[in-house]
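The structure appears right after this line, and notes come after that.
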Amino acid sequence: MTAVEEKPQAPDPVYLAAVLRHRQVMAAQLDRAKAMFAEVDTDAAALLAQQYKATKSTKAEVTLPDGETKFATVTRVPGEADAEVTDRDAFAAWVRDTYPEHWGFKVIPARTEVVVDGAFTDRVLAAVNAANVPEYADPESGVVHEVPGVAIKPKRRAYFKWVFSRTSKSQPLDGRELAAQAVAAGQISTDAPPALPAAPSAAEPPAAE
């Protein structure tokens, strides 16, 4: 005899409805939080970029409203740029005229292709990176050449790295816990972004004598 398979039991309808409702309410809150975060993240990045231009400061502490309790830090990570050959013909012509020992050509059926020594190209690009300008200083003659067909191209824009503080002997709560505690206590509101400071009022004209 074969065992009779039990019919699957449906979940409690009241509990199912409550879980589905809770899920969708949280999804709605998450969508709202993502939109608000994107806005305040953009504002924060713009203000930090403004501060960097004015003071060259690359790091800032994030504190609670008391101005003393640090719960995070934000650090500016510089962008990256790298030299590359942007005009192969111009670069190859410069190598041909200046360093012919690193220039040549190879014959491919139906066409002839100019070839520049790869090791020499790497050496020139490394020199351009070091000088931060498209120039190559000949190590033997000392002559500084302006290198055509080469430019320093940005590979990654500068960005800001945010890190929550860790626990310590003097502070048993980490940054996330401190932030949650401040929100629960009503010290910080997540319902709206901080208000802009009031614009300074125009100076009143001196009273007439």
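The values are calculated or read from the model by the stated rules, or taken from the named source; none is laboratory data. The structure presented is a predicted model; accordingly, all values stated were derived computationally and were not measured. Every residue, glycine among them, receives a Cβ derived from its backbone with ideal geometry; neighbour counts consider all protein chains shown. Surface accessibility is based on the protein's heavy atoms, side chains included, excluding ligands, DNA and RNA. Shrake-Rupley method; radii C 1.70, N 1.55, O 1.52, S 1.80 Å.
If the requirement is being polar (S, T, N, Q) and modelled with pLDDT under 95, which of these qualifies: Thr73, Thr2? Even if it seems obvious, please write down each step before you answer.
Values: Thr73 fails: modelled with pLDDT under 95.
Only one candidate passes the filter, namely Thr2.
Name every residue in the range 50-66 that is small (Gly, Ala, Ser) and either open to solvent by 50 Å² or more (accessible area, probe 1.4 Å) or in contact (Cβ under 8 Å) with a residue 24 or more places away in the chain (or both), in order of residue number.
The initial filter retains those residues of the range 50-66 that are small (Gly, Ala, Ser), namely 54, 57, 60.
Residue satisfying the conditions is Ala54 alone.
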Identify all residues within the range 146-171 that are at pLDDT below 95 and more than 30 Å from Tyr136 (Cβ to Cβ); write none if there are none. Tyr159, Ser168, Lys169, Ser170, Gln171
Could you check the range 67-79 and list, in sequence order, the residues that are in contact (Cβ under 8 Å) with a residue 40 or more places away in the chain and closer than 27 Å to Glu177 by Cβ? Thr69, Lys70, Phe71, Ala72, Thr73, Val74, Thr75, Arg76, Val77
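Yes or no, residue by residue, for (1) modelled with pLDDT of 95 or more; (2) over 30 Å from Pro197 (Cα atoms); (3) out of contact with any strand residue (DSSP E or B) (no Cβ under 6 Å at 6 or more places or on another chain):
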residue: Glu6; (1), (2), (3): no, yes, yes
residue: Gln9; (1), (2), (3): no, yes, yes
residue: Val14; (1), (2), (3): yes, yes, yes
residue: Val19; (1), (2), (3): yes, yes, yes
residue: Ala38; (1), (2), (3): no, no, yes
Can you list the strands (runs of 3 or more DSSP E) found entirely within the range 109-209 that contain at least 2 residues being loosely packed, with under 10 Cβ neighbours inside 10 Å and touching a Phe, Trp or Tyr at 6+ places or on another chain (Cβ under 9 Å)? 111-116
Subset of the range 70-108, residues open to solvent by less than 30 Å² (accessible area, probe 1.4 Å), among the small types (Gly, Ala, Ser) and either touching a His at 6+ places or on another chain (Cβ under 8 Å) or not in a helix (DSSP H, G or I) (or both), comes to Ala72, Ala83, Gly104
